[in-house]
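Okay, so here's the structure we're looking at.
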Amino acid sequence: MLNATAERRRFFRINDTVSMSYRQIDEATANLGLKSTGIIGSEFSLAATLDVLSQEALRIMQRLEKQSPELLELYRILDAKVNAVAQATMFVGSNVNAQNCQDVNLSASGLAFEQAEPMSIGQNLAIEIYLPSTLALMQIYGRVVSCRQNDAAAEQSVKYTVSVDFTHVKEEDQELLIKHVVRTQWQQLRDSKAQSEI
């Protein structure tokens, strides 16, 4: 059986920009898992469902494109409309502000972020993460595994880097996270290669 460190390292990590919010929860709530919260419902799995359906529809539309290019164009317009409606309804009942993004280090098994206040190791969190590139809003439970003070320059305020291991992630959300991390890492590698060739 893999130890916790080996398990965490199975997943790629990326530096990314996401919208997120969190709240501290007690051990009993954390142990109940995601079913303990009433808001874990259709809006949180909507992005995963739409992603799967969009991929299936796109495969079919690409086969039909040769027969009718207008059909593919119509599909893309309808897909954009559905995504716009989904995004508008997704944030009802959520604490995430899609316009307020922050830098994080992200994987399918955890994340690290900076904040002004320290957090206790072992603190359980209910985290909402919005990935703008995939229109995915996820509810995840996690536990703080590290909190360290950053070296701050004199003109900067003191910040702490908080590292969180995910303890409860819905399977479809973890799949979305894995896809997002792999796509982003691939894009970053491609951009880096393009820059080095200039």
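Check whether at least one residue in the range 101-109 is among the acidic types (Asp, Glu) and at pLDDT below 90, and report yes or no. No; the residues of the range 101-109 include none that is among the acidic types (Asp, Glu) and at pLDDT below 90.
Pairs are defined by a Cβ separation below 8 Å, a sequence spacing of at least 6 or placement on different chains, a first member in the range 177-198 that is in contact (Cβ under 8 Å) with a residue 24 or more places away in the chain and part of a helix (DSSP H, G or I), and a second member that is surrounded by 15 or more Cβ atoms within 10 Å (Cβ to Cβ) and β-branched (Val, Ile, Thr); the pairs so defined are Leu177/Val169; Lys179/Thr134; His180/Thr134; Val181/Ile14; Thr184/Ile14; Gln185/Ile14; Gln188/Ile14. If the condition is being among the basic types (Lys, Arg) and part of a strand (DSSP E or B), then the range 109-165 contributes Arg143, Arg148.
Please go through the range 74-84 and pick out each residue that is over 20 Å from Thr134 (Cβ atoms) and at pLDDT below 85. Step through it out loud before you land on a result.
Here is the first cut: in the range 74-84, the residues over 20 Å from Thr134 (Cβ atoms) are 74.
The answer is none; no residue qualifies.
The values are calculated or read from the model by the stated rules, or taken from the named source; none is laboratory data. Computed from a prediction, not measured in an experiment: that's the story for all the values here. All Cβ positions, glycine included, derive from the backbone under ideal geometry; neighbour counts span all protein chains shown.
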